[in-house]
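K.L.:
I have a structure here, written as structure tokens, and I will follow up with some questions on it.
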Amino acid sequence: NLQLTKEPKKGSEKNNSDHFLNDVLTGLQNSPKHLSSKYFYDKTGDELFQKIMQLPEYYLTRCELDIFQNKTAELAKAIRSNDEPFDLIELGAGDAMKSTYLLKYLSEKGTDFTYMPIDISGNILSILENNLKKQLPDINITTLEGEYFQMLKKAMKLSSRRKVILFLGGNIGNMTRKEAEKFCMSLHQLLNREDIVLIGFDLKKNPFTILNAYSDKSGITAEFNLNLLSRINRELDGNFDIEQFEHYESYDPITGACRSFLISLKNQQVKIAGEIIDFSENEVIDMEVSQKFSKPDIQYLAEKSGFSIAGEISDSKDWFVDSVWKV
Ligand code: AVI
């Protein structure tokens, strides 16, 4: 009996899987059907995203890396204020591949700061902490495992030093415009006058360049999307036939919305935790938005949420920008 040999779930794990089930059922009972891309990142999803970042078509990571490797002094100048000590908080730090260049630079210049990476994955945070302790033994690190705002509030209580928030990778693009506004407004409410936010935006550019980045020839992005159906099968007792769904990407150069869908290839029924969901042939599931921005779009979002733009640092192609926001 499988049930007897399984470890009982811990309280928080159970809560998480209840949320996951609830979001999945609500999303698939909606019209149009919808799944949240925040659930892409289980272990397989993390590995697929690592592969995406290496794809020749996926330029975002290389562009922001170009900024962190080649414009480190500019970044440091934008976030420092009269040698005042500060906390450098990174939202969704992951392996901190890009920010490590900045940490190294700040440390070499003798800057007084504590690095506080926030991530939902305790596993990635302990790997990050071990790596940094080897590479940059002199910097102070406090890892914070959990949701962005809960951990930000914790960081505000831990010290009264000035805060510099990093929100990199174009992650803001995975929110709808309304969600992004709400997110930035909440961030603004939490911060104090001298604090700074450095936020990464993928810019509007040739539509083919954008579309190709999300519909790569090797099919990794398709796998990344389909993995959410496999995850539902694994974790929520689902029976999706993955072969009967196909990935479709669209980019609208007017609105800047790059969107991922999965198309049902036939009329079919899928069972998830005992609930039956009907799909008709060619019906789509809305999976992810990766919003692209013009400079005025960024200005609008900053001002709408109460920030003002203090600077912007772009890569050499001007495809990606890290925008510096003052409270
Ligand atoms: C994490 N995020 C910024 C990625 C993006 O570009 O929207 C996720 C992704 N989806 C497909 N490819 C990459």
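The values are calculated or read from the model by the stated rules, or taken from the named source; none is laboratory data. Since the structure is predicted, the reported quantities are computational estimates derived from the model, not experimental observations. Glycine gets a Cβ as well: all are built from the backbone with ideal geometry, and neighbour counts include every protein chain shown. Note: areas computed on protein heavy atoms with side chains; ligands, DNA, RNA excluded. Shrake-Rupley method; radii C 1.70, N 1.55, O 1.52, S 1.80 Å.
K.L.:
Tell me, what ³J(HN,Hα) does each residue in region 278-292 have, in order and in whole Hz, if you take phi through Karplus 6.51 cos²θ - 1.76 cosθ + 1.60 with θ = phi - 60° and put x for Gly and Pro?
P.N.:
Those phi angles translate into 8, 10, 9, 4, 6, 5, 10, 10, 7, 9, 7, 10, 10, 6, 10 Hz.
K.L.:
Given springs between every Cα pair under 10 Å in a Gaussian network model of the chain, which of LEU191, LEU28, LEU226 has the largest fluctuation?
P.N.:
Top of the fluctuation ranking is LEU28.
K.L.:
Quote to one decimal, in nm, the extra length available between ILE242 and ASN70 on full extension: 0.36 nm per residue of separation minus the C-alpha distance between them.
P.N.:
On the way: separation 172, 0.36 × 172 = 61.92 nm, distance 4.24 nm.
Gain on stretching ILE242 to ASN70: 57.7 nm.
K.L.:
Just how far, in whole angstrom, is region 76-136 from region 215-269 if you go by their alpha carbon centroids?
P.N.:
34 Å
K.L.:
Taking all protein chains as present, what is the carbon and sulfur share of the accessible area of the chain, in % to the nearest whole number, probe 1.4 Å? Intermediate results must be reported in sequence, preceding the final value.
P.N.:
Numbers: 8110 of 16750 Å².
Reported share for carbon and sulfur atoms: 48 percent.
K.L.:
What does the charge dipole of region 222-327 about its Cα centre add up to, to the nearest 20 debye, if the Cβ of each Lys and Arg holds +1 and the Cβ of each Asp and Glu holds -1? Walk me through the numbers before you get to the answer.
P.N.:
Numbers: 10 positive and 20 negative charges, 81 e Å.
Magnitude of the dipole: close to 380 debye.
K.L.:
Relative contact order (percent) for region 133-236, with alpha-carbon contacts under 8 angstrom and 6 or more residues of separation?
P.N.:
Working: 47 pairs, mean separation 27.1, N = 104.
Normalised by residue count, the contact order of region 133-236 is 26 percent.
K.L.:
Another question, then. Working out 0.36 nm times the residue gap between LYS217 and SER230, then minus their Cα-Cα distance, what length gain in nm do you get to one decimal? Mind showing how you got there, number by number?
P.N.:
Working: separation 13, 0.36 × 13 = 4.68 nm, distance 2.15 nm.
Computed gain between LYS217 and SER230 is 2.5 nm.
K.L.:
What FRET efficiency, computed as 1/(1 + (r/R0)^6) with R0 = 22 Å and r the Cβ-Cβ distance, is obtained for LYS271 and THR44, rounded to the nearest 0.05?
P.N.:
On the way: r = 22 Å, r/R0 = 0.98.
Efficiency for this residue pair is about 0.55.
K.L.:
Give me the 1.4 Å probe accessible area per residue for the chain, excluding ligands and nucleic acids, in Å². Walk me through the numbers before you get to the answer.
P.N.:
Working: 16750 Å² over 327 residues.
Spelled out: the 1.4 Å probe surface of the chain, per residue, equals 51 Å².
K.L.:
What size of dipole, in debye to the nearest 20, comes out for the chain about its Cα centre when the only charges are +1 on Lys and Arg C-beta atoms and -1 on Asp and Glu C-beta atoms?
P.N.:
Values: 40 positive and 49 negative charges, 166 e Å.
Once rounded to the nearest 20, the dipole reads 800 debye.
K.L.:
Please express the shape of region 63-184 as an equivalent ellipsoid: the semi-axes are the square roots of 5 times the eigenvalues of the C-alpha gyration tensor, given largest first in whole angstrom.
P.N.:
Working: eigenvalues 90, 59, 51 Å².
The three semi-axes for region 63-184 are 21, 17, 16 Å.
K.L.:
I've got another one for you. Explain nothing, just the number: relative contact order of region 196-327, from Cα pairs under 8 Å at least 6 residues apart, as a whole percent.
P.N.:
Numbers: 225 pairs, mean separation 39.4, N = 132.
Worked out over region 196-327, it gives 30 percent.
K.L.:
I would also like to ask the following. For ASP315, what residues show an amide H to amide H distance below 5 Å, using hydrogens built from the backbone and excluding near sequence neighbours?
P.N.:
Counting only residues 5 or more places away or on other chains, the set is PHE320.
K.L.:
At a Förster distance of 45 Å, what's the computed FRET efficiency of LYS317 paired with ILE127, Cβ-Cβ distance as r, to 0.05? The partial results should precede the final answer.
P.N.:
On the way: r = 31 Å, r/R0 = 0.69.
In this case the efficiency is close to 0.90.
K.L.:
Could you work out the local net charge near THR143, counting Lys and Arg as +1, Asp and Glu as -1, over the other residues with Cβ closer than 12 Å to its Cβ?
P.N.:
Values: positive: LYS133, LYS154; negative: GLU90, ASP119, GLU129, GLU145.
After counting each charged neighbour, the total is -2.
K.L.:
So, one more: Taking the chain as a Gaussian network, where each spring joins two C-alpha atoms under 10 Å apart, which residue of ASP216, ASP195, ASP138 fluctuates the most?
P.N.:
Looking only at ASP216, ASP195, ASP138, the biggest GNM fluctuation is shown by ASP138.
K.L.:
Please list the non-local residues whose amide H lies under 5 Å from the amide H of LYS292, H modeled 1.01 Å from N, same-chain partners needing a gap of 5 or more.
P.N.:
ALA257, CYS258
K.L.:
Follow-up question, since we're still on this one. Can you list residues whose amide H is under 5 Å from GLY238's amide H, if they're 5+ apart or on another chain and H is modeled 1.01 Å from N?
P.N.:
Result for GLY238 returns ASN233, ALA273.
K.L.:
Please report the relative contact order for region 185-263, taking Cα pairs under 8 Å with a sequence separation of at least 6, and give it as a percent rounded to a whole number.
P.N.:
Details: 58 pairs, mean separation 21.3, N = 79.
Here the relative contact order equals 27 percent.
K.L.:
Next question. Given ALA73, LEU25, GLY122, which one lies farthest toward the positive end of the charge dipole of region 14-144, if we put +1 on the Cβ of every Lys and Arg and -1 on the Cβ of every Asp and Glu?
P.N.:
LEU25
K.L.:
If you don't mind, another one. Residues with beta-carbon under 12 Å from that of PHE307, excluding PHE307: net charge, scoring Lys, Arg +1 and Asp, Glu -1?
P.N.:
Details: positive: ARG193, LYS304, LYS326; negative: GLU181, ASP195, GLU303.
Combined, the nearby Lys, Arg, Asp and Glu give 0.
K.L.:
Determine the shape class of region 179-245: with a ≥ b ≥ c the square roots of the Cα gyration tensor eigenvalues, call it rounded for a/c under 1.5, and otherwise prolate if a/b is greater than b/c, oblate otherwise. Before the final figure, lay out each step's value.
P.N.:
Details: a/c = 4.11, a/b = 1.60, b/c = 2.57.
Note, shape of region 179-245 comes out oblate.
K.L.:
While we're here: With n ≥ 4 as the cut-off for DSSP H runs, can you work out [θ] at 222 nm for the chain, using -39500 (n - 2.57) per run divided by the number of residues, rounded to the nearest 500?
P.N.:
Numbers: 12 runs with 136 residues, N = 327.
It lands at -12500 deg cm²/dmol.
K.L.:
Among residues other than LEU191 whose Cβ falls under 13 Å from its Cβ, what is the net charge (Lys/Arg +1, Asp/Glu -1)? Each step should come with its number before you reach the end.
P.N.:
On the way: positive: LYS153, ARG161, ARG162, LYS163, ARG193, LYS326; negative: ASP87, GLU194, ASP195.
Local charge sum for LEU191: +3.
K.L.:
Based on the Kirkwood radius over alpha-carbon pairs, what is the Stokes-Einstein translational diffusion coefficient of region 119-188 at 25 °C with 0.890 mPa s viscosity, in µm²/s? Before the final figure, lay out each step's value.
P.N.:
Values: Rh = 14.1 Å.
Answer from the Stokes-Einstein relation: 174 µm²/s.
K.L.:
Quick one: Karplus J couplings for region 141-147, per residue in order, coefficients 6.51, -1.76, 1.60, θ = phi - 60°, nearest Hz, x for Gly and Pro?
P.N.:
10, 10, 7, 10, 9, x, 5
K.L.:
Here is a follow-up. Just the Cα atoms of the chain: what Rg and Dmax do they give in Å?
P.N.:
20.8, 65
K.L.:
Could you pull out the pairs from LYS77/LYS154; LYS51/LYS271; LYS292/LYS317 whose alpha carbons sit more than 19 Å apart here?
P.N.:
Values: LYS77/LYS154 27 Å; LYS51/LYS271 30 Å; LYS292/LYS317 15 Å.
Table pairs above 19 Å Cα-Cα are LYS77/LYS154; LYS51/LYS271.
K.L.:
While we're here: Among LYS33, LYS98, LYS154, which one moves the most in a GNM of the chain with springs linking Cα atoms closer than 10 Å?
P.N.:
It is LYS154.
K.L.:
Would you mind working out the magnitude of the charge dipole of region 90-163 relative to its Cα centre, with +1 at each Lys and Arg C-beta and -1 at each Asp and Glu C-beta, to the nearest 20 Debye?
P.N.:
Numbers: 11 positive and 9 negative charges, 61 e Å.
The calculation lands at about 300 debye.
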